[in-house]
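Following: one structure in structure tokens, then a few remarks.
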Amino acid sequence: MNATSSEEAPGRIVLLTTSHRVAPGLLSWPAWQALHAADLVLCADGAHPQLPYLREAGTAVAEDAPTAEELVAACSGGRTVVVVATGEGEPALTDGLARLAGSGRVRMPELELLPASYDLPGARLLDLVQVMDRIRAECPWSSQQTHKGLAKYGIEEAYELVEAIEDGDRDELREELGDVLLQVVFHSRIAEEDPDTPFSIDDVAAGIVTKLIHRHPHVFGDETASTPEEVKEHWLRTKAVEKQRASVTEGVPLGQPGLALAAKLASRTRTAGLDVPLPRSEGIGYELLAMAVRAESDGVDPEAALRAAARAYRDAIRRAEDGTRS
């Protein structure tokens, strides 16, 4: 007999995986096809969020956690068994199936891994929000933090991010971006508890989305921009309408480093087309002010330039120290 009888056919195992970051029930069409065509659907977790939706769609799901041997036996006769994977991905079951396949003693069913839902870009941000929510509720330190208490960490993390960028360290850059993101999520979680004007991370995200769309009419509207200079003009024009400021100096934080502050004021003045002579007086401060304004007009960030020079000075100090030790 050339054809294998249905009793001898090894069958098929479909491991169905889903993302907890996607609303339950939103499964791919191949997943629904596999579920409807299955002879048996199993799930080890009776509280799996997909189960109510599967049953509502007419799919019977047995709450069972078979061993690899039991699952292979359930496929005998050409049957198809779909396993709705738990959040951990059924590592014990897949390891057991791998051992059986490697033993060569068992005729294995066809094995298929079928993702039923996929994470969209940015989906892991939902994990961060959930983790932060639990930390805020259960951590003795985090639960007591305030906006003012965390302010210094925001400054520190911003500087560490700049350092990672200037050092060109990709691993450090990724980590420091995460630390800065943590500050945003942490402050947003604290803000939810304000009795008078609460807001959440969704409000923060909605605000910046609205701002970005409004300030990019060349992307989301009818205006055009073909150069970075034209983009900046759009940005400044829409920003001016939004803010309705009486002075170009409004919104410039005076607490930032001195060189950056001087350069920002010079940029605002130049962009507004104002001709404002620099104040004249004796002292290193006025000399630095003049140098910062000149750097800004030449397209140089004086703060970054000074940091680069300071790093070179640091390296020279270390070389000198090494020379004294040799």
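The values are calculated or read from the model by the stated rules, or taken from the named source; none is laboratory data. As the structure is a prediction and not an experimental result, all values here were calculated from the model. In this analysis, Cβ positions are derived from the backbone assuming ideal geometry, glycine residues included, and neighbour counts consider all displayed protein chains. Accessible surface areas use protein heavy atoms only, side chains included; no ligands, DNA or RNA. Shrake-Rupley method; radii C 1.70, N 1.55, O 1.52, S 1.80 Å.
Brief remarks on what is shown
- Note on the stretch 1-100: enclosed strands (runs of 3 or more DSSP E) holding 1 or more residues that are of a type outside the set (A, V, I, L, M, F, W, C) and modelled with pLDDT of 90 or more are 12-17, 80-84.
- Residue count, the stretch 176-217 (criterion: assigned to a loop (DSSP other than H, G, I, E, B), under 30 Å from E230 (Cβ atoms) and open to solvent by 40 Å² or more (accessible area, probe 1.4 Å)): 1
- The stretch 218-228, subset in a loop (DSSP other than H, G, I, E, B) and open to solvent by 90 Å² or more (accessible area, probe 1.4 Å), residue farthest from G273 (Cα to Cα): D222
- Close pairs from the stretch 61-76: first over 9 Å from L93 (Cα atoms), partner among the polar types (S, T, N, Q), Cβ under 9 Å, at least 6 apart: V61/Q50
- When D203 is tested against the conditions (1) closer than 30 Å to I190 by Cβ; (2) touching a Gly at 6+ places or on another chain (Cβ under 9 Å), the lone failure is (2).
- Annotation note: of R307, R318, R314, the sole residue that is under 21 Å from A263 (Cα atoms), among the charged types (D, E, K, R) and within 41 Å of the chain's Cα centre (by Cα) is R307.
- Taking the listed residues E166, E160, the one that is surrounded by 14 or more Cβ atoms within 10 Å (Cβ to Cβ), closer than 24 Å to P302 by Cα and of a type in the set (D, E) is E160, with no other qualifying.
- Within the stretch 79-98, the set of residues being touching a helix residue (DSSP H, G or I) at 6+ places or on another chain (Cβ under 7 Å) and among the charged types (D, E, K, R) is empty.
- Among the residues of the stretch 99-139, those identified as of a type in the set (S, T, Y) and either within 30 Å of L54 (Cβ to Cβ) or surrounded by 13 or more Cβ atoms within 10 Å (Cβ to Cβ) (or both) are S117, Y118.
- The stretch 167-197, residues that are touching a residue at least 40 places away in the same chain (Cβ under 8 Å) and hydrophobic (A, V, I, L, M, F, W, C): L181, L182, V185, F186, I190, A191
- Residue count for the stretch 229-257, restricted to those that are closer than 20 Å to A295 by Cα and either exposed (fewer than 14 other Cβ atoms within 10 Å of the Cβ) or under 29 Å from the mean Cα position of the chain (by Cα) (or both): 8
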